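Take a look at the structure set out below.
A short reminder: the numbers here are calculations on the coordinates, not readings from a lab. What you see is a predicted model, and the numbers here were worked out from it, not measured in a lab. Here the Cβ positions follow ideal geometry from the backbone for every residue, glycine too, while neighbour counts run over all protein chains shown.
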Amino acid sequence: MRLIVLLSALFFSGLQVFAQERVIDNKTSAQGVASYYHDKFEGRPTANGEIFDNGKFTAASNRLKLGSYVKVTNLNNGRVVYVRINDRMAATNKREIDLASIAAEQLGFVSQGLTKVIVEIVPAEEGKKGILAQREFVVSRQNEL
């Protein structure tokens, strides 16, 4: 009997953790404004201890769990990019997400500075595959030049 109670407790606590990882204010997606990191942050530590690199597909968010993978869609042109959340923004920042420059370039809004986006939480496997495909695309474009 104790084993059943223990297993039930572990099962339901695991579901709760999983649910918390996939929620943006009780939703799996949110619409808002995206910006991107200034070059002055290059080389500085992020909230999870990594060193920031504007050439990696990462982002900051105050509403998403560190380590989450998200798909970001630019509502102005339909372009999509996958990123991993590894940092936090200033507490006063009301934007949805702050992207590394490489992600902002892929979304096509560097010259504007800001854009309207939809941010969708995705499973880690999807996020990792998306980021890998994006890296390969960037490398192939650089090789063409």
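Considering only alpha-carbon pairs that sit under 8 angstrom and 6 or more positions apart, the relative contact order computed for segment 39-93 is 36 percent.
Under 14 Å from the Cβ of F41, count the other residues' Cβ atoms, weight Lys and Arg +1, Asp and Glu -1, and hand me the total. Don't skip to the answer; put the middle values down first.
Details: positive: K40, R44, K56, R88; negative: D39, E42, E50, D53, D87, D98.
Its environment carries a net charge of -2.
Inter-label distance, N143 to L114: 4.0 nm, where each label sits 7 Å from its Cα along the C-beta direction. Charge dipole (Cα centre; +1 on Lys/Arg Cβ, -1 on Asp/Glu Cβ; no other charges) of segment 85-124 amounts to roughly 160 debye. Of the residues Y69, A133, Q112, the one whose Cα sits farthest towards the positive end of the charge dipole of segment 69-145 is Q112 (charges of +1 on Lys and Arg Cβ, -1 on Asp and Glu Cβ, taken about the Cα centre). Extension gain K128-R79, at 0.36 nm per residue separation less the Cα-Cα distance, in nm? Length difference between fully extended and current span is 15.9 nm.
Net charge within 11 Å of D98 by Cβ-Cβ distance, Lys/Arg positive one each and Asp/Glu negative one each, not counting D98 itself? All intermediate terms of the calculation are to be shown ahead of the outcome.
Working: positive: R88, R95; negative: D87, E96.
That sum, taken over residues with Cβ under 11 Å, equals 0.
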